Amino acid sequence: AFRLSYTLMRKRAALPPKGRSCMQPKIFAHRGASRYAPENTLPAFALAAEQGADGVELDVHLTRDDQLVVIHDETLERTTDGTGWVKDCTLAQLQALSAANGMDGFAGVRIPTLRQVLEQLRPTGLLVNIELKTSVIWYAGIEQKTLELVRDLGMADRVIYSSFNHYSIGKVRALDPSARTAYLYADIFCDVEKYAAARGVGGLHPGLWNVKMAEFLHTYLNSGLDVRVWTVNDPDDLRWLLEAGADVITNDPALAVQVRDGLGR
Ligand code: G3P
Ligand code: MG
């Protein structure tokens with residue numbers, strides 16, 4: 001009952017957002033170009049760059065031997081041929097697994113380290129949204145390790161840190177007040193734009209269904225914070241959001257680029 005009609009959303013999208021520049025909205029490949037290659041793997045990130053994404057989104061966990069790895073779930077069953085928890089495995093154990101996730105043509109694809117992903121992305125110039133996966137397990141030291149790696153690779157100005165665990169974002173800000181940060185959230189959150197601005201957090205990452213309710217999208221856009229909506233895969237949703245000036249996080253960057261080109265932005 002809360003879902004707005006597409007026509008109504010378009011009307012709302014036509015309202016001029018205050019304080020927004022005419023900058024082209026950005027397209028982030030969710031776990032890489034995960035519609036075309038196994039999520040959170042090196043081929044998925046390479047494809048994102050080839051398809052014209054402006055950035056990628058990825059998920060980070062810590063291994064038993066304190067290595068930063070890129071995988072979505074806390075456990076191995078869904079995306080690999082292993083079992084158990086990421087936190088209970090060493091990097092060597094994880095990298096012996098297949099991360100092909102049932103997709104043809106990706107035999108031999110492994111769980112990458114964050115370093116491997118960043119080194120691959122560095123020459124592309126793409127932005128990197130590092131999602132710290134600290135909602136189920138609050139990995140000790142994950143914020144500091146991630147910041148140090150990013151700094152060592154000279155990529156601080158291209159990285160945006162996000163998390164559903166807002167204390168993790170607080171830690172990132174305490175360690176490096178100049179780090180670009182964003183709050184992830186899935187449901188309704190009173191005055192989230194004020195909450196973020198008051199804490200020096202520059203981005204809002206709402207779930208798609210959240211911005212389909214009430215006036216949330218325009219409240220967020222009018223706040224002047226960066227708005228990156230996840231996970232947007234439907235062409236009508238992509239068109240509506242990109243036209244309104246929101247960035248999108250999508251499994252299908254090729255489609256999003258095509259939609260954005262059609263808007264002439
Ligand atoms: O960062 C956006 C999105 O990835 C958050 O949800 O579960 O896909 O990591 P999830
Ligand atoms: Mg994620």
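Observations, loosely collected:
- In the set (1) within 16 Å of ligand 2 (Cβ to nearest atom); (2) in contact with a helix residue (DSSP H, G or I) (Cβ under 8 Å, 6 or more places away or on another chain); (3) not in a loop (DSSP other than H, G, I, E, B), N233 fails one condition alone, (3).
- Segment 126-174: number of residues that are under 21 Å from V229 (Cα atoms), in a helix (DSSP H, G or I) and within 16 Å of ligand 2 (Cβ to nearest atom): 3
- Pairs, first more than 15 Å from A196 (Cβ to Cβ) and basic (K, R) in segment 206-233, second part of a loop (DSSP other than H, G, I, E, B) and open to solvent by 20 Å² or more (accessible area, probe 1.4 Å), C-beta under 9 Å, six or more apart: K212/F2; K212/R3; K212/L4
- In segment 235-256, the residues that are within 17 Å of the chain's Cα centre (by Cα) and either β-branched (V, I, T) or open to solvent by 40 Å² or more (accessible area, probe 1.4 Å) (or both): V248, I249, T250
- Qualifying position, being within 30 Å of H218 (Cα to Cα), of a type in the set (K, R) and either out of contact with any Cys (no Cβ under 6 Å at 6 or more places or on another chain) or within 16 Å of ligand 2 (Cβ to nearest atom) (or both), among R78, R31: R31
Conditions (1) in a helix (DSSP H, G or I); (2) within 16 Å of ligand 1 (Cβ to nearest atom); (3) surrounded by fewer than 17 Cβ atoms within 10 Å (Cβ to Cβ); (4) of a type in the set (S, T, Y), marked per residue:
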site	(1), (2), (3), (4)
T181	no, yes, no, yes
F189	no, yes, yes, no
K194	yes, no, yes, no
A197	yes, no, yes, no
P206	no, yes, no, no
W209	yes, yes, yes, no
G224	no, no, yes, no
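- Output for segment 27-46, where each listed residue is without any contact (Cβ under 8 Å) to a residue 40 or more places away in the chain and over 20 Å from L242 (Cα atoms): A44
- Residues of segment 175-187 that turn out to be closer than 14 Å to V229 by Cα and touching a residue at least 24 places away in the same chain (Cβ under 8 Å), as a count: 4
- The set of residues in segment 226-265 being touching a Pro at 6+ places or on another chain (Cβ under 8 Å) and more than 16 Å from ligand 1 (Cβ to nearest atom) consists of L242, A244, G245, L255, V259, R260, R265.
- Checking each residue in segment 132-179 for being out of contact with any helix residue (DSSP H, G or I) (no Cβ under 9 Å at 6 or more places or on another chain) and open to solvent by less than 10 Å² (accessible area, probe 1.4 Å) picks out only I160.
- A single member of L62, L91, L76 is closer than 20 Å to T146 by Cα, crowded, with 20+ Cβ neighbours inside 10 Å and either of a type in the set (G, A, S) or modelled with pLDDT of 95 or more (or both), and it is L62.
The values are calculated or read from the model by the stated rules, or taken from the named source; none is laboratory data. Quick caveat: nothing in here was measured; it's all calculated off a predicted structure. When we count neighbours, we look across all protein chains shown, and the Cβ atoms used for this are built from the backbone with ideal geometry, even at glycine. To get the accessible areas, we keep the full protein, side chains included, count just its heavy atoms, and leave off ligands, DNA and RNA. Shrake-Rupley method; radii C 1.70, N 1.55, O 1.52, S 1.80 Å.
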